[in-house]
Amino acid sequence: MPWDSVPWFVEGAAEHSSEVTRLLAYSAFGGAEGIVGPSDLRVQALSSPAAAVRVGVGACAITNRAPGGAYQAYAARLPTADQVAVAATGVTARSDLVVARIENPHSQGESWPLPNDPKAGPYVFTRIISGVPKTTTSIEQVRPGDSAITLARIDLPPNTSSVTGAMITDLREMVQPRRERRIYPLFTANAEFLFPEDGSWHDWPNVARVNIRIPKWATRAQLVTTIGGLGLFNALVRAEVQHFLGSSIWGGSPTTIDDDQGGGARRLTQVVASTINIPPAMRGTMQPLFLKTWMSTDHTGDLRVDNRSAIVHDVEFQEAPELDPGL
C-alpha cells in the first residue's frame, strides 16, 4: 500500500507512525524551524568566563533532514539551562557553531547511537560544531544533512581557553515571528514653525505625536515617518530629525535636512527611518511616538508644517530573538 496507512487521526486500536506525527508538527510550525519565543535558547558566556557556554531555557522546532524525512519536524524543549564545553585554541583562531541537534537512530538513514534507555532518550542535544569558516551563519552550510538549528557562532582568538560575550554571535531565528503593521496619517490645520534659536532638540512637529499601544509580544519596532510638504523658508536650513518612542527610547541616527540653495521658500518630502528594540517593561503598554528636531544656529532658515503638509507614521512591530540580556 503506497500510503502511510494510518493518517492522523484514526480512532480505536489504530497505531499512528512517528512520521505522521512529525508531519503534524511540521504543519503546525508552517514548515519553518527555529526558536519558539524571543528569549529561547540564547547562548551566553558564563558569569565567570571559562571554556564553556550556557544555553538558556526554551523550545524550538527542528526540521527532519534525514532521508525520507520530507514534511516532518521535531518539537523540542530545554526546561533547564544547558552548559557545553568549548575546546581551547592553539596558535590559530577558530570558529565553532553552537546548535540544537536531533540524533534519532530510529530515523531512516541515520547512524546515531541508541541511548542506554531507548524509552527516555536523550535524542536531542546541544552540540558544538568545531572549526567552521568564520562566515558561517547556518548549520546547513557545513552539515546539510543534520536535523539541527543554529543558535550561535563562537569566534575564538588564538591561544584562548575562556569564552567571553564578545566572541559570541547570536544566529537564532524564530519559527513563527509575529508582525503587526499600523499606519498613522496626521494632519494639521495650524502652522507650526521651528527657528534656529538655541541649537537645542525640540519636540517638533507637535502634530507628529501619537500614542500607540505596543503588542505584548513585540521585541522590535521598524519606524518609517514621511513628512510631505515640509516647508523650508528664509534661505539656508540645516536640521536633524529623530524618532522617539516612550520617554527615553530612540532609534538609529538622526536624519539630516540640509538645504543650501538660498533665498525664497520651498517644500520637500522628508523620510525618517529607525529600528528600535523594545524592552519588556514597554511591551503591552501605551507609549507616545514622536519626533525631535534640532536646528543649526549657523543657518538662518526655518522649518514649517501647515495645512499643506501631511505626516504619516508607518510602524511595524516585530517579534525577533532578543540579543541583549536586558531586553
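So what's the chain giving for Cα Rg divided by 2.2 N^0.38 Å, two decimals?
That works out to 1.35 for the chain.
Coupling constants for the stretch 205-210 follow from the phi torsions by the Karplus curve (6.51 cos²θ - 1.76 cosθ + 1.60, θ = phi - 60°), and in residue order they are x, 4, 5, 7, 7, 8 Hz; glycine and proline get x. Between residue 78 and 58, 59, the built amide H atoms are under 5 Å apart, and every one of these is 5 or more places off in sequence or on another chain.
Taking 25 Å as R0, compute the FRET efficiency from the Cβ-Cβ separation of residue 202 and residue 268 and round it to 0.05.
Values: r = 19 Å, r/R0 = 0.78.
Efficiency computed from Cβ-Cβ geometry: 0.80.
Here the Karplus curve 6.51 cos²θ - 1.76 cosθ + 1.60, taken at θ = phi - 60°, turns the phi angles of the stretch 116-122 into couplings of 4, 10, x, 6, 9, x, x Hz, with x standing for Gly and Pro. Largest mean-square fluctuation among 268, 194, 24, in a Gaussian network model of the chain whose springs join Cα atoms under 10 Å apart, belongs to 268. Equivalent ellipsoid of the stretch 109-226: semi-axes from √(5λ) of the C-alpha gyration tensor, largest first, are 51, 22, 13 Å.
For the stretch 51-185, the Cα gyration tensor yields ellipsoid semi-axes of 25, 24, 15 Å (square root of five times each eigenvalue, largest first, whole Å). If you model the stretch 52-119 as an ellipsoid using its alpha carbon gyration tensor, with each semi-axis the square root of five times an eigenvalue, the axes come out at 26, 17, 14 Å, biggest first. Within the stretch 179-318, all pairs of alpha-carbon atoms sorted by distance into 5 Å bins from zero give the percentages 2, 10, 20, 23, 18, 12, 8, 5, 2, 0. Coupling constants for the stretch 50-57 follow from the phi torsions by the Karplus curve (6.51 cos²θ - 1.76 cosθ + 1.60, θ = phi - 60°), and in residue order they are 8, 7, 6, 10, 10, 10, x, 5 Hz; glycine and proline get x. Measuring spread by the Cα atoms of the stretch 197-269 yields a radius of gyration and Dmax of 15.1, 50 Å.
Remark on the stretch 163-226: Rg and Dmax equal 19.3, 59 Å (Cα only). Figure legend: label point modelled 7 angstrom from the Cα of residue 89 along Cα→Cβ; residues of the stretch 140-177 with amide N under 15 Å from it are 153-169.
Can you give me the angle between helix 18-28 and the longest principal axis of the chain, using Cα atoms only, in degrees from 0 to 90, rounded to the nearest 10? It works out to around 10 degrees.
Bear in mind that the values in this text are calculations on the coordinates, not laboratory data. What you see is a predicted model; the values in this text were computed from it and never measured. Positions of Cβ are generated from backbone atoms using ideal geometry, with glycine treated the same way; all protein chains shown enter the neighbour counts.
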